Structures are given as structure tokens and as C-alpha cells.
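Enquirer: Shown below is the structure under consideration.
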Amino acid sequence: MSTPEDPGHGLPRRQTPGLAPLEEATLTVQERMHGSESECHGAAERRQLSIMFCDVADFTALSSRLDPEDLSAVIREYQLRVAAAVAGFGGFIARYVGDGVLIYFGWPAAHEANAEQAVRAALAIIEAVSRTPVRTESLQVRIGIATGVVVIGDPIGTGWARQQTAIGEAPNLAARLQALAGPNGVIIDAASRRQIGALFTCRDLGPVTLKGMPNAVPAWQVTGPAAFSSRSESVHAATAPLLAREDELALMLRAWAQASSGSGQVVLLSGEPGIGKSRLAACLMEHLAHQPHTALRYFC
């Protein structure tokens, strides 16, 4: 039988200053993690998400140096800082695994700027965790972000184990990219790079070989925000090459050719948020740059 002095393990609990307030704060983290039943319950669906995986750099060395209770207090404070940082960018904390945090952008609510919000959240996490010591420990994080279509919406497990699990390539890719990142580094995949346009400065890492991936994948390291005031401004700046949209671009160019010959055309470009519609439209305008035309742009 457990007692307050013996929490079921046969060892007296060592009192750690300030532990009780953290225990109360942890409930807030868990509430953020799981969300409300009404918010996240529903049938499974295909959804394009940007997925972030974040962990503490050199965590093995930290865990071997600290007493388990001290380590627990550090991790809980770190989790609180991560939760607070992502909350302002629409991030949904899907799971905590030790020092690792899995976060979805685009769930439960879909947004056009998932990748942008994920990158902004990543930079906010780095600032929140590293600006001041966490319980006297100076921490750094490693972050990977990947964007893609997943199946999500049917919760698994019960109670505190209840989770929203996204099934697809993006979660695994985000975890692999995170492992590639250095301390306070943010590594993103090609889909995320395409969607953020010129909103951030990035260093091209070229194709990288990742554990478990059959082929090398392009990757970029985010180095900071760019000097653009809005997403619409960045759409027309230099950005990553247009990928896997050759057929759609060819169709639009054919419509332009018909319109130029006197046969009026209308093209409706529609799709899920974040798949690159704005980038495709910008690419069309690049092709028409040296042809006579009048462009009207409306934003809402």
C-alpha cells in the first residue's frame, strides 16, 4: 500500500523545492496535449498537416548527470515552455515521449499557412527554451518539420493515453529531420520549404540520407525570418523551385494561349490549404512576365 512518504516504490520521496506547483502546472500541459473531446473527436480523414518533432539536445548526458526527480522537474518546465510557445501559432501537442514533443499544425482546424506557423513556432520554442536556464540548466533543442497528407481524426487509447495519431510519411520524416538538426537548429523538408516561400532565410543542405528512408531527401536549415511584411509579398519573391506541379502549370499555360488568341478562359485553382496554390499562381505570372498582359490581384 502506498503512503504519502512511500509512493508505491518502497523508497521515501525526496522533497524537491517547488515540485508541487509544477505538478499543478503539468495538468495544464496535459490538457494542452490532449485537447477537448469535442474539439478532436470525429471520423478519420485525410488532411494536409505540417508536423514538428522537437527534443532536447544532448539529453542523454543531461539524464545521466541529474537525479531523476531533478530531471523530471527540468523536463516538465521545458514542456511548459514548448506548450506556451506553440499555443500562439495554432499548434496541437499530440504526444510527449520523454524529452520529445510531437506537434501538429493544421489540426484540429485547417489553415492555409501551416508550414509558416510551424516554422514561426519552432523559432519561438528556441527562444523560449534557451533564453533563460530551465531550473538552472541551460537547454538547447533540435527541431524537424515535415509537411504532407496524413490520415487523422480517429483517437486511439483511453484516458491519459488517448492520442490523435497522424498516419503517413510526414511524422516519420519530421522525426528523421529532427535527428539531423544541431543544437537550436530547425530542419525542414521540401514541401515545407515550398510553402514558406521567402518568409524565412534557409540554407540548402541538398539531398540527405535519413535512416529508414529509401532515397535521399532534400532538406533545408532555417536560419531566421526574412525581411517581408506579409505572406502575399513573399509569394512573388525568389523561392524554392516548383515541384510536382508541371501538369497543372501546363494546363494554365494552355488556357493563357487560348485567351491570347481571342478565346476567353477562366481557370479555378482549388485545393486543400497549404498545397501550394499561391506558389503555382506566382509561377504562372513568372512565365507571363515578358508577355503583354494586365494582372489584377485581390486578397481577402
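Enquirer: How do 107, 220, 256 stack up against each other in accessible area, from largest to smallest, with a 1.4 angstrom probe?
Expert: Final ranking, largest accessible area leading: 256, 220, 107.
Enquirer: Same structure, new question: What Kirkwood radius, in Å to one decimal, follows from the Cα pairs of the stretch 52-177?
Expert: Kirkwood radius, the stretch 52-177: 15.2 Å.
Enquirer: Report, to the nearest whole %, how much of the accessible area of the stretch 100-140 belongs to carbon and sulfur atoms, 1.4 Å probe, protein only.
Expert: Within the stretch 100-140, the accessible surface is 49 percent carbon and sulfur.
Enquirer: What order, most packed first, do the peptides 186-198, 118-130, 60-72 have when packing is the mean number of other Cβ atoms within 10 Å of each residue?
Expert: Listed from highest to lowest mean packing, they are 186-198, 118-130, 60-72.
Enquirer: Moving to a separate point now. Sticking with the crude label model, points 7 Å out along Cα→Cβ, report the distance from residue 209 to residue 249 in nm, one decimal please.
Expert: 3.1
Enquirer: Separation between the residue 137 and residue 95 pseudo-spin-labels, each 7 Å from Cα along Cα→Cβ, expressed in nm?
Expert: Here the answer is 2.2 nm between the modelled labels.
The values are calculated or read from the model by the stated rules, or taken from the named source; none is laboratory data. Just so you know, these numbers come straight off a predicted model, no measurement behind them. Cβ atoms come from the backbone with ideal geometry, glycine included; neighbour counts cover every protein chain shown. We work out accessible area using only protein heavy atoms, side chains counted, and drop any ligands, DNA or RNA first. Shrake-Rupley method; radii C 1.70, N 1.55, O 1.52, S 1.80 Å.
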